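Take a look at the structure below.
Bear in mind that the values in this text are calculations on the coordinates, not laboratory data. These numbers come from a predicted model, not from an experiment. So basically every Cβ, Gly included, is an ideal-geometry build from the backbone, and we count neighbours across all protein chains shown.
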Amino acid sequence: MAKTLFDKIWDSHVISDLGNGFVLLHIDRLLLHDLSGARALQEAVEKGYAPAQPRLVYGTPDHAISTAPGRTEKTFPPGEPLIRNMRAATAKYGIRLFDLGQDGNGIVHIIGPELALTLPGTTLICGDSHTCTHGGMGALAFGVGSSELVHALATQTMVQRKPKRFRVHFEGTIPEGVTPKDMILHLIGDVGTAAGTGHAVEYAGSAIRSLPVEGRLTICNLSIEMGARTGMVAPDHITFDYLAGRDFAPKEAMWDKAVAHWRTLPSDPDAEFDREHTIDMSKVAPQITWGTSPEHVIAVDKPIPDPTTGPEDKRAAWTAALHYQGLEPGKPIEGTKVDWVFIGSCTNSRISDLRAAAAVAKGRHKADHVTAWIVPGSERVKREAEAEGLDKVFREAGFEWREPGCSMCIASNGERVPPGQRSVSTSNRNFVGRQGPGARTHLASPAMAAAAAIKGAIADVRKL
Amino acid sequence: MEKFTKVTGVAAPLMRQNVDTDLIIRIERLVSNTGRKGLGPYCFEQIRFKPDGSENPDCVFNQAPYRDSPIILSAENFGCGSSREGAVWALAGMGVKAVIAPYYGDIFYNNCFQNGLLPVMLPIADVEQLADEMRASPGNARITVDLENCQVVSPTGRVIPFKIDARRQHALLAGLDDIAQTMSHKDEIAAWQASDKTGRPWVWL
Ligand code: SF4
């Protein structure tokens, strides 16, 4: 029978059929971060279970650490016990930890692909909803809660119900000024934040095939923002070129064997999906969110929506969102004054993202009233950017160059946008209070965020 | 794991879409609180309290009949967003035993069953009608959520059936422990792994 990419990985990982649509699935990789990871490890041990396969488990502190230049684990004191516990627990069970300042450290979803811990055809979980990011490598990756993480540590498996399959085609040439972030925001605006609920999403089409791996990771990253626990892109020569030679990638004869297997993974031409949706790339413009849900998104040259003319079941939510964001319906969103710019997070903090932002910032200067931060996604991204002189470009443009971590994406490390202030952020969530209580967030691409810093207001990067 | 069989009580209508887990529990609370307990006072703090720390009287959880409600009524996509299981712990800490909404964020939905909290799925029209019946008789109206018979009984006595996976229903009724259940498949897991080590040796570092 013809199979999808998802089916092939799922079926080959089923250990046992538990009935009623549930299976016991093998998990090939577990990634731990400082908020959910060490605690899960501790809980597993308290329940009397040592990690079943410690060599398949990897850890990195990223959430509750300061990203201030020269930071240590003490810079953000509430995070210090978490990182200490993580060190002790991973050392005890022989789990590899990429510690602060070490090569390999960074945001958990940046380092997985970067170190080739994430491989095509593997199953991977992490106690974090944006684990779907790893699907950009052709892996089946799920975000899980603490209990499921404890279960996986103890058994190297997960009890799961098979989701439905949803394929999204992005067809055509990517227009000038449009990035993977704009593609996925456009899609979420089109189908809504619940379209993917209960589904595994495959991103396909000519525009996806033309994207480098880093762009595919950005697209998969936002799968959870349309409700899908997992999103994926079929592995191809672009994936293999990206992986070749990376730290944990197979080498020599083993590499050839792996690639031969990976080539069998893409969906069969006649495989069936429960739902299909197509985006015409010629209709996609640079995006900016206006509200408090990623589906509250428009092209930057469009006016702020008017709830009275919107869909009836969304009017109350739109009105509340506009009130929180301090925006007036019907006005252009372009030109809205901005106080903060955050370029970082597992969505957009890879080297290609920093290059795109630097291309906009180069030879220009941020507006005086704006605070602009660049937070590289990993130690390696940071070093690579510095070797290229990107840190210098940013500093000369008045941006702050910081240490890797989650930072202002989630504000769990005390780095916050002050109440009532407006931020353009390259992260993935514009929820109420996400960047700090009362903070007003607009999601956009790195180029759009850099443009906002320069103009001091929401700006159309194509006009710069 | 905690069992769930049946709950009868006041249901608080929090009739908004996309109640995300960041709204249910702020991440800072999970940095400084190291256990599953003690999160109740911070549940929904962004809407329950004003910036100065005083209660927000507009919030349903601060209104007399709805304080300490064991049931929450809400609209589409409840529990979307972050995977933080702390959202379920915080709800449980506030005394919530069941939520009734049209559908949920997938990860939140799974997390509920790990903690004895029942997420019931009913069409929005039914949830709205339940909310109306609650509001029509404040202080007196009660809802029953019955997992054994898979039904909700409204304040006026209407019986509304709901669907749930048989596996999840059974596990929640019996309070079964997932890890112990999986451990009974130990040999199958070992056999799968042994065969995978020959089939995909590059995965095994
Ligand atoms: S960068 Fe943001 S979304 Fe990504 S893992 Fe960190 S907190 Fe989560």
Need at least 3 residues that are of a type outside the set (A, V, I, L, M) and within 18 Å of A:ALA141 (Cβ to Cβ) per element, so show me which strands (runs of 3 or more DSSP E) inside the range A:157-262 make the cut, counting only ones lying wholly within it.
A:157-161, A:164-171, A:199-204
Please specify each residue of the range A:106-148 satisfying the condition of being out of contact with any Cys (no Cβ under 8 Å at 6 or more places or on another chain), assigned to a helix (DSSP H, G or I) and within 9 Å of chain B (Cβ to nearest Cβ).
A:SER129, A:THR131, A:SER146, A:SER147, A:GLU148
If we keep only residues of the range A:1-45 that are closer than 22 Å to A:PRO269 by Cα and touching a Gly at 6+ places or on another chain (Cβ under 9 Å), then the residue farthest from the other protein chains (Cβ to nearest Cβ) is A:LEU5
Test: A:ALA139 is under 22 Å from A:GLY215 (Cβ atoms) and surrounded by fewer than 23 Cβ atoms within 10 Å (Cβ to Cβ)
no
Kindly check whether there is at least one residue in the range A:138-159 that is in contact with a Gly (Cβ under 9 Å, 6 or more places away or on another chain), away from the ligand (no atom under 14 Å from the Cβ) and hydroxyl-bearing (Ser, Thr, Tyr).
yes
Flag if B:ILE107 is in contact with a Gly (Cβ under 9 Å, 6 or more places away or on another chain), touching a residue at least 24 places away in the same chain (Cβ under 8 Å) and either among the small types (Gly, Ala, Ser) or within 22 Å of A:THR155 (Cα to Cα) (or both)
yes
State whether one or more residues within the range A:260-279 are under 25 Å from A:SER427 (Cβ atoms), crowded, with 18+ Cβ neighbours inside 10 Å and more than 10 Å from chain B (Cβ to nearest Cβ).
yes
Listed residues B:GLU55, B:GLU76; which is within 13 Å of chain A (Cβ to nearest Cβ) and of a type in the set (D, E, K, R)?
B:GLU76
Provide a single number: the residues in the range A:16-55 that are aliphatic (A, V, I, L, M) and surrounded by fewer than 21 Cβ atoms within 10 Å (Cβ to Cβ).
5
Could you say whether any residue in the range B:79-92 is touching an Asp or Glu at 6+ places or on another chain (Cβ under 9 Å) and on the phi > 0 side of the Ramachandran plot?
yes
When you go through B:LYS163, B:LYS186, B:LYS197 one by one, which is the residue that is within 14 Å of chain A (Cβ to nearest Cβ), loosely packed, with under 12 Cβ neighbours inside 10 Å and within 19 Å of the chain's Cα centre (by Cα)?
B:LYS163
What number goes with the only condition from (1) surrounded by fewer than 24 Cβ atoms within 10 Å (Cβ to Cβ); (2) within 11 Å of chain B (Cβ to nearest Cβ); (3) farther than 23 Å from A:GLY291 by Cβ that A:ARG165 does not pass?
(2)
Hits in the range A:51-71 (condition: under 25 Å from the mean Cα position of the chain (by Cα) and away from every other protein chain (no Cβ under 14 Å))
A:GLY59, A:THR60, A:THR67, A:ALA68, A:PRO69, A:ARG71
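To keep it simple, each residue is scored yes or no on (1) buried (at least 20 other Cβ atoms within 10 Å of the Cβ); (2) in contact (Cβ under 8 Å) with a residue 24 or more places away in the chain; (3) within 29 Å of A:PHE431 (Cα to Cα); (4) within 16 Å of the ligand (Cβ to nearest atom).
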{"position": "A:THR193", "(1), (2), (3), (4)": "yes, yes, yes, yes"}
{"position": "A:THR197", "(1), (2), (3), (4)": "yes, yes, yes, no"}
{"position": "A:ALA228", "(1), (2), (3), (4)": "yes, yes, yes, yes"}
{"position": "A:PRO235", "(1), (2), (3), (4)": "yes, yes, no, no"}
{"position": "A:PHE248", "(1), (2), (3), (4)": "no, yes, no, no"}
{"position": "A:TRP255", "(1), (2), (3), (4)": "no, no, no, no"}
